[in-house]
Amino acid sequence: MSKKKKLLPLAVSALLVGVLTTHSFLLPSHASAQTPNPDSQIGQDLDQEDDRVGDSDTAEDSLGDSITEEDSLEDSVTEEDGVGDSVTEEDGVGDSVTEEDGVGDSVTEDGSLDDSVTEEGNLEDSVIEEDNESSVRSKYDHTKFLTLFDKDKIIKNFRSMNKIFPSHKIKNDKKNTFTFKKKLRDLPNFTYTYNKQQHKFEDLLKRTVTTGLLVIKDDKIVTERYYHGNSQKTLNTSWSMSKSFTSALVGIAIDEGYINSVDDPITDYLPELKDSGYDGVSIKDILNMASGVKYPVYEEPFITEWYNRLFVEKESFNEMMTTLPSDASPGTFTYKGSDTQVLGMLIKKTTGKQPSKYLEEKIWKPLGMEHSAYWNTDLHGDDMTFAYLNASLRDYAKFGRLYLNNGNWNGKQIISEDWVKETYIGSEGFPFYKYQWWIPPSPDPDNKEILANGIYGQNIYVNQNENMIIVKTSVNSSEEDLGEEITVFREIVELFKDE
């Protein structure tokens, strides 16, 4: 891999420093928040931009290693294919994608991607439908992971993860498709204030190399834009947004009686974890990233170790979870991918189904998703639930709509209302995180916002008070940009508030 610039999981410094500075609100200190080193300090003064949750970086949330400041993707985006010019709000992809973006040759005339999905949502090559991973080994090339974040490949790679890792297909129900109505409105190049400086909206889109933006107000699409060869059919990789989906599946499994309570120790269901740091840890603590388990920072040498163990030596990712030691008392917030992977193990053990299959049955088909999706797996056919879900923006938005409406979908309760309402309330150990969702800080105690977030700028933003959902995918958003993106989402909410 090339020169590195470290990216943090969810930029606590950005999320809090920028947002709180903008909104004049300070985070109280919490003794139970772990601060293992200066980079992961979540201290009392969150106006300092060096505050981090650095020791908790995991595979999906520290993969910025190959992007450096001098190699910024912004530099590889030309004016012709930059923000705005190559996209229309009606049909998405224009014709101005250049080869410099590394995506021009993968876009057909109608804007669909010939290397990832067809209009019906069919997935090519490495999708596993019946756990027959051996039959598709030749259809993907996991060595592409080593160049996954190269600036001339990253855009295409983020929409072609089935070419890199094997996958389980998540089928939609073509006879039951929910489609948002459209009420398109102009989204101007507005000016906003962040960290006491003025910025332009489209400058942010260009700087973060945005590939898609979808804004929904009162169940209607008001803005839909795609860039750099992406379209409404593109299956964008989620990174850590998948954590929020995994949480929803745990909630449904409780509703259906597969799991008794979030207060149960995880080892009641997964006795194979008894010799690990997860022994006796409650499901609730794991949901809230407070297991106390030690998971390595995703940087060298662990980045090479992770790849080699899973895809060269062909170890089981789930079995790796059984070897992790304890690092702190349960209840201590430390963001890590292993907690979500263990939740995926819990879903598989209790339901007898891979999380991808359970997602298909309980969410994908009932919500009338427009396209099939896929979840990348290890070489043992186990979903990597801590990341690697791949779906279209509209279908990500439908998941946001489910949480917007407290788990209800057009009159049918998909997840219990109590589960979703609980998600909007911060956890005891860390008030800005609950059940695998982030809760943006706000001075308004009645504010109802949650955020599913993944590195490089993957976001599902849900605002219950204003009945709005915003989905944004990108390939070059850094830790400094996250708080700014939340500020921008709130500005967009204000723009459409009275319409």
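The values are calculated or read from the model by the stated rules, or taken from the named source; none is laboratory data. Quick caveat: nothing in here was measured; it's all calculated off a predicted structure. Cβ placement follows ideal geometry from the backbone for every residue including glycine, while neighbour counts extend to all protein chains displayed. SASA here: full protein model, heavy atoms, side chains in, ligands and nucleic acids out. Shrake-Rupley method; radii C 1.70, N 1.55, O 1.52, S 1.80 Å.
Taking the condition buried (at least 17 other Cβ atoms within 10 Å of the Cβ) and small (G, A, S), does G411 pass? Steps first, please.
Values: buried (at least 17 other Cβ atoms within 10 Å of the Cβ): no; small (G, A, S): yes.
No: the conditions fail for G411.
In segment 140-164, which residues are of a type in the set (S, T, Y), more than 18 Å from Y226 (Cα to Cα) and surrounded by 20 or more Cβ atoms within 10 Å (Cβ to Cβ)?
As a first pass, look at segment 140-164 and keep what is of a type in the set (S, T, Y): 140, 143, 147, 160.
Remaining after also requiring more than 18 Å from Y226 (Cα to Cα): 140, 143, 147.
Hit for segment 140-164 is Y140, nothing else.
So is M345 buried (at least 24 other Cβ atoms within 10 Å of the Cβ) and assigned to a loop (DSSP other than H, G, I, E, B) or not?
Details: buried (at least 24 other Cβ atoms within 10 Å of the Cβ): yes; assigned to a loop (DSSP other than H, G, I, E, B): no.
Against the criterion (buried (at least 24 other Cβ atoms within 10 Å of the Cβ) and assigned to a loop (DSSP other than H, G, I, E, B)), M345 does not qualify.
Test F311 against the criterion of being in contact with a His (Cβ under 7 Å, 6 or more places away or on another chain) and either modelled with pLDDT under 95 or surrounded by 21 or more Cβ atoms within 10 Å (Cβ to Cβ) (or both), and give yes or no.
Numbers: in contact with a His (Cβ under 7 Å, 6 or more places away or on another chain): yes; either modelled with pLDDT under 95 or surrounded by 21 or more Cβ atoms within 10 Å (Cβ to Cβ) (or both): yes.
Taking the combined requirement at face value, the residue satisfies it.
Count, please, the residues in segment 183-194 that happen to be within 13 Å of E485 (Cβ to Cβ) and not in a strand (DSSP E or B).
First, the residues of segment 183-194 that are within 13 Å of E485 (Cβ to Cβ): 192, 194.
Still in the running and not in a strand (DSSP E or B): none.
Counting residues in segment 183-194 that are within 13 Å of E485 (Cβ to Cβ) and not in a strand (DSSP E or B) gives 0.
Name the residues in segment 244-285 that are closer than 18 Å to T351 by Cβ and of a type in the set (D, E, K, R), would you?
D255, E256, D264, D268, E272
Any residue in segment 360-389 that's in contact (Cβ under 8 Å) with a residue 40 or more places away in the chain and within 17 Å of W306 (Cα to Cα): show its pairings with residues that are in a strand (DSSP E or B) and aromatic (F, W, Y) at Cβ separation under 9 Å, as long as the two are six or more apart or on different chains.
D383/W375; M384/W375; T385/W375; Y388/Y374; Y388/W375
So which residues in segment 195-214 are outside any strand (DSSP E or B) and not hydroxyl-bearing (S, T, Y)? Quick ask: steps written out before the conclusion?
Residues of segment 195-214 that are outside any strand (DSSP E or B), as a first pass: 195-196, 201-209.
N195, K196, F201, E202, D203, L204, L205, K206, R207, V209, listed by residue number.
Please list, ordered by first then second residue, the pairs with beta carbon atoms under 8 Å, 6 or more apart or interchain, first in segment 173-185 and on the phi < 0 side of the Ramachandran plot, second surrounded by 11 or more Cβ atoms within 10 Å (Cβ to Cβ) and polar (S, T, N, Q).
Here the result reads F178/N410; L184/T223; R185/T223, each pair linking segment 173-185 to a residue that is surrounded by 11 or more Cβ atoms within 10 Å (Cβ to Cβ) and polar (S, T, N, Q).
For segment 393-405, indicate whether the set of residues that are in contact with a His (Cβ under 9 Å, 6 or more places away or on another chain), at pLDDT 95 or above and crowded, with 19+ Cβ neighbours inside 10 Å is non-empty.
yes
Could you run through segment 350-368 and say how many residues are farther than 10 Å from I170 by Cα and assigned to a loop (DSSP other than H, G, I, E, B)?
6
So E305 fits all but one of (1) closer than 23 Å to S247 by Cα; (2) open to solvent by 60 Å² or more (accessible area, probe 1.4 Å); (3) at pLDDT below 95; what number is the exception?
(1)
Checking D141 against (1) over 25 Å from N376 (Cβ atoms); (2) of a type in the set (D, E); (3) free of Cβ contacts under 8 Å to residues at least 40 places away in the same chain, only one condition comes out false. Which one?
Only one criterion is unmet by D141, namely (1).
Exactly one condition in (1) open to solvent by 10 Å² or more (accessible area, probe 1.4 Å); (2) closer than 14 Å to F399 by Cα; (3) in contact with a helix residue (DSSP H, G or I) (Cβ under 6 Å, 6 or more places away or on another chain) is not met by E466; state its number.
If we test E466 against (1) open to solvent by 10 Å² or more (accessible area, probe 1.4 Å); (2) closer than 14 Å to F399 by Cα; (3) in contact with a helix residue (DSSP H, G or I) (Cβ under 6 Å, 6 or more places away or on another chain), just (2) comes out false.
Search segment 128-178 for residues being among the basic types (K, R), outside any loop (DSSP other than H, G, I, E, B) and at pLDDT 95 or above, and hand back the single one that is nearest to A391 (Cα to Cα).
First, pick out the residues of segment 128-178 that are among the basic types (K, R): 137, 139, 144, 151, 153, 156, 159, 163, 169, 171, 174-175.
Those left that are additionally outside any loop (DSSP other than H, G, I, E, B): 137, 139, 144, 156, 163, 169.
From the residues that got through so far, the ones that are at pLDDT 95 or above too are 156, 169.
Numbers: K156: 14, K169: 11 Å.
The residue in question is K169.
In this structure, is Y335 in a loop (DSSP other than H, G, I, E, B), open to solvent by less than 20 Å² (accessible area, probe 1.4 Å) and at negative phi?
Yes, satisfied.
Tell me which residues, restricted to segment 215-261, are in a loop (DSSP other than H, G, I, E, B), within 14 Å of the chain's Cα centre (by Cα) and among the aliphatic types (A, V, I, L, M). Full working, then the answer.
Of all residues in segment 215-261, those in a loop (DSSP other than H, G, I, E, B) come to 218-219, 227-235, 238-240, 256-261.
So of that shortlist, the ones also within 14 Å of the chain's Cα centre (by Cα) come out as 235, 238-240.
Passing the criteria: only L235.
Failed condition for S326, given (1) under 16 Å from K243 (Cα atoms); (2) small (G, A, S); (3) open to solvent by 20 Å² or more (accessible area, probe 1.4 Å), with all others met?
(1)
Can you run down the residue pairs with Cβ atoms below 7 Å, 6 or more apart or on separate chains, where the first is in segment 345-358 and without any contact (Cβ under 8 Å) to a residue 60 or more places away in the chain and the partner is assigned to a helix (DSSP H, G or I) and crowded, with 20+ Cβ neighbours inside 10 Å?
From segment 345-358, the pairs are K348/P355.
In segment 273-294, which residues are within 16 Å of P431 (Cα to Cα) and acidic (D, E)?
D285, the sole residue that qualifies.
A quick yes/no check of all residues on (1) at pLDDT 95 or above; (2) out of contact with any Lys or Arg (no Cβ under 7 Å at 6 or more places or on another chain); (3) among the basic types (K, R); (4) on the phi > 0 side of the Ramachandran plot:
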position	(1), (2), (3), (4)
G426	no, no, no, no
K434	yes, yes, yes, no
P441	no, yes, no, no
N459	yes, no, no, no
E479	no, yes, no, no
E491	yes, yes, no, no
K497	no, yes, yes, no
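So that you can scan it fast, the table gives a plain yes or no per residue for (1) part of a loop (DSSP other than H, G, I, E, B); (2) within 16 Å of K220 (Cα to Cα):
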| site | (1), (2) |
| --- | --- |
| F386 | yes, no |
| F399 | no, yes |
| L402 | no, yes |
| S427 | yes, no |
| P431 | yes, no |
| D446 | yes, no |
| I450 | no, no |
| Y461 | no, yes |
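Which of (1) within 22 Å of R394 (Cα to Cα); (2) open to solvent by 10 Å² or more (accessible area, probe 1.4 Å); (3) in contact with a Phe, Trp or Tyr (Cβ under 8 Å, 6 or more places away or on another chain) is the odd one out, the single condition F190 does not satisfy?
Of everything listed in (1) within 22 Å of R394 (Cα to Cα); (2) open to solvent by 10 Å² or more (accessible area, probe 1.4 Å); (3) in contact with a Phe, Trp or Tyr (Cβ under 8 Å, 6 or more places away or on another chain), F190 misses just condition (1).
How many residues, within segment 277-298, are of a type in the set (S, T, Y) and either free of Cβ contacts under 8 Å to residues at least 12 places away in the same chain or surrounded by fewer than 23 Cβ atoms within 10 Å (Cβ to Cβ) (or both)?
Pass one, segment 277-298, residues of a type in the set (S, T, Y): 278, 282, 291, 295, 298.
Subsequent filtering for residues that are either free of Cβ contacts under 8 Å to residues at least 12 places away in the same chain or surrounded by fewer than 23 Cβ atoms within 10 Å (Cβ to Cβ) (or both) retains 282.
Number satisfying all stated conditions: 1.
May I ask you to verify whether R207 is open to solvent by 60 Å² or more (accessible area, probe 1.4 Å), among the basic types (K, R) and in contact with a helix residue (DSSP H, G or I) (Cβ under 6 Å, 6 or more places away or on another chain)? Full working, then the answer.
Details: open to solvent by 60 Å² or more (accessible area, probe 1.4 Å): yes; among the basic types (K, R): yes; in contact with a helix residue (DSSP H, G or I) (Cβ under 6 Å, 6 or more places away or on another chain): yes.
Taking the combined requirement at face value, the residue satisfies it.
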